[in-house]
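Here the structure comes first, spelled out in structure tokens, and everything after it is commentary.
The values are calculated or read from the model by the stated rules, or taken from the named source; none is laboratory data. Computed from a predicted model, the values in this text were never measured in an experiment. Here the Cβ is made from the backbone with ideal geometry for all residues, glycine too, and neighbour counts use every protein chain on show.
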Amino acid sequence: MPAPLIDLLRGGVPALLALVVAIAVIRIVCRRPMLRRLSFALSLIALTGSVALFRALAPTESPLLDPYLRFLVLFSLAYGAFKVVEVLVVDLLPGRRGPRQAPAILRDVVAAVVGGLILVVLLRASFGVDVAALVATSAALSIVLGLALQETLSNLFAGLALMLERPFEPGDWIQMGDLIGQVQEVSWRAVRLKLIRQEDYLIVPNSVVAKSQIVNMSQPLPTHGHVIEVGAPYGEAPGRVRQVLIEAALDVTGVLHEPAPRARVVRFDPSAIVYQLVYFLDDYARIYDLQGEVLARVWYSFQRHGIKLPFPASDVFFRDAVRVAEDARAGEERRIAALLAGVEFLEALTSDQLQRLATEAQILPYPVEGTVVRQGDEGDSLFLVAEGRVDVSAHAPGGGPERCLATLGPGDYFGEMSLLTGAPRSATIRAVEETRLVILRKDALRPLLAADPTVLERLSKTLARRQAEREDAIHRAATSEYEGPGEDRASQLLGLMRRFFGLMGGDLTARG
């Protein structure tokens, strides 16, 4: 075997083995995120050491290797020193570590620029090569490099734009098109996302990210509102369903109480009223787990409150629709008659008369904070609370702020003055909760009053007392005195009632 070949093998094999071992050690040591940025600089030093070992073991090749070895030593030391300073300043010095560290792409670009400058300077100093002039005079090389690096440069500049605008940070949850994921890393080439459902990683080129519409669910605040839709039967009052939905959401651990959940009607489907439930969370990683928990609690809440979840179905029933409607109305009339029997100024009426009134009355629903009547409005109807509660409020005589005078519950009634005399409403009535009211109008009472003249006299005395009590409550708000009802007041009311119902004259016959 020729001596030069033996000399090459004597130096080349150990140098190559040393390089392989050094690279393996560097990969193990640089697994830590902070030291990972030193891997290239350490690899350059390992390559320089390998070349130096080859020169020492193959002295015959020294004249050829010395210029290149000197260049490698200078470049690896200069670039290695820069990377060590970068890691110390950015990653290791106290007070520099935090949630807003320098973006990785910026550090990569700066490292590439510094390394390129060191390379150009050393090539000119060591070999007299003018890299800038060489690239400028080689038009063909410039075109080839531009075409070859077109996509790479597009990703690079898109990454720089993302770094400057900072639409998201590592750790943020973002939505890009149909994809939702957590940003793991923004490099010079791509953004790495951890998809929320599949637990997979998706690599998206920076140029694609820059052209996409991005929704950041983690900034400026981690609080995020999530929307789900739930259907409920048409027979359930919307206010009641909304309250049940809100209570179900608040019962789930992880759903924020502030901002509070809210529910609203969004549309009417053929088989259901569709409600939109909005609740808030501050841990977006659990969004689908919380959604499942909220939907499960909605099911349990509906079961407890007797609300059936609707679903498309075709049922065929053979029944007499007219008879079913009549039975339902008869049941409602019996309930109204029982409620009217508890109204004190209607105690003079017999059960048959109450039943006749019940046939003309109806039960209507009112939502939370719904206004039933307003102070000063004209009216001719009586309201009786069947379910729920209402607040009675009024402005004191002479003006002033509106004050709450009382809260009425099931069995209480209001509006008798408007029903019997046509007087304007003396107070404003608003529903405190989901409320159902029995409404009795003037036209339903007129035939009974015409048939029994004594009813008017009894009603007038009762109304005189109730009007005095109401005026006392209103006047007390203005510190005025109360003198109580009296025969004059009752007589005045009797006259007003006769004129209102058109029952004038000694025989009280109905007119018109």
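A quick yes/no check of all residues on (1) among the basic types (Lys, Arg); (2) on the phi < 0 side of the Ramachandran plot:
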| site | (1), (2) |
| --- | --- |
| ARG335 | yes, yes |
| THR359 | no, yes |
| SER393 | no, yes |
| GLY415 | no, no |
| LEU420 | no, yes |
| LYS442 | yes, yes |
Condition met for ALA78 (at pLDDT 85 or above, out of contact with any strand residue (DSSP E or B) (no Cβ under 7 Å at 6 or more places or on another chain), over 28 Å from LEU156 (Cβ atoms) and surrounded by 17 or more Cβ atoms within 10 Å (Cβ to Cβ)): no
Residue identified as modelled with pLDDT of 80 or more, of a type in the set (A, V, I, L, M) and either in contact with a Ser or Thr (Cβ under 6 Å, 6 or more places away or on another chain) or over 30 Å from VAL129 (Cβ atoms) (or both) among VAL85, VAL29: VAL29
Do the conditions hold for VAL278, that is, is it β-branched (Val, Ile, Thr) and either assigned to a loop (DSSP other than H, G, I, E, B) or in contact with a helix residue (DSSP H, G or I) (Cβ under 6 Å, 6 or more places away or on another chain) (or both)? no
Just for the range 200-234: of the residues that are assigned to a strand (DSSP E or B) and closer than 30 Å to GLY306 by Cα, which one is nearest to the chain's Cα centre (by Cα)? GLY225
Please go through the range 36-65 and pick out each residue that is over 60 Å from the mean Cα position of the chain (by Cα), at pLDDT below 80 and within 23 Å of VAL120 (Cα to Cα). LEU64, LEU65
Could you list all residues from the range 162-178 that are surrounded by 14 or more Cβ atoms within 10 Å (Cβ to Cβ) and more than 14 Å from ILE196 (Cα to Cα)? LEU162, MET163, PRO167, PHE168, GLU169, PRO170
Scanning the range 361-385 residue by residue, those outside any strand (DSSP E or B), under 39 Å from the mean Cα position of the chain (by Cα) and on the phi < 0 side of the Ramachandran plot turn out to be PRO367, VAL368, GLY370, ARG374, GLN375
Residue among PRO424, PRO401 that is farther than 19 Å from ILE336 by Cβ and touching an Asp or Glu at 6+ places or on another chain (Cβ under 7 Å): PRO424
Right, ASP412: without any contact (Cβ under 8 Å) to a residue 40 or more places away in the chain and under 23 Å from ALA237 (Cα atoms) or not? yes
With the range 393-464 as the region, which strands (runs of 3 or more DSSP E) entirely inside it contain at least 3 residues that are modelled with pLDDT of 80 or more and surrounded by 18 or more Cβ atoms within 10 Å (Cβ to Cβ)? 428-431, 435-441
If you check VAL343, VAL385, which single one turns out to be crowded, with 16+ Cβ neighbours inside 10 Å, aliphatic (A, V, I, L, M), at pLDDT below 85 and in contact with a strand residue (DSSP E or B) (Cβ under 7 Å, 6 or more places away or on another chain)? VAL343
With the requirement that a residue be surrounded by fewer than 15 Cβ atoms within 10 Å (Cβ to Cβ) and within 23 Å of ARG107 (Cα to Cα), what does the range 202-228 give you? ILE203
Give just the number: which of (1) in contact with a His (Cβ under 9 Å, 6 or more places away or on another chain); (2) under 22 Å from GLU369 (Cα atoms); (3) surrounded by fewer than 16 Cβ atoms within 10 Å (Cβ to Cβ) does ASP282 not satisfy? (2)
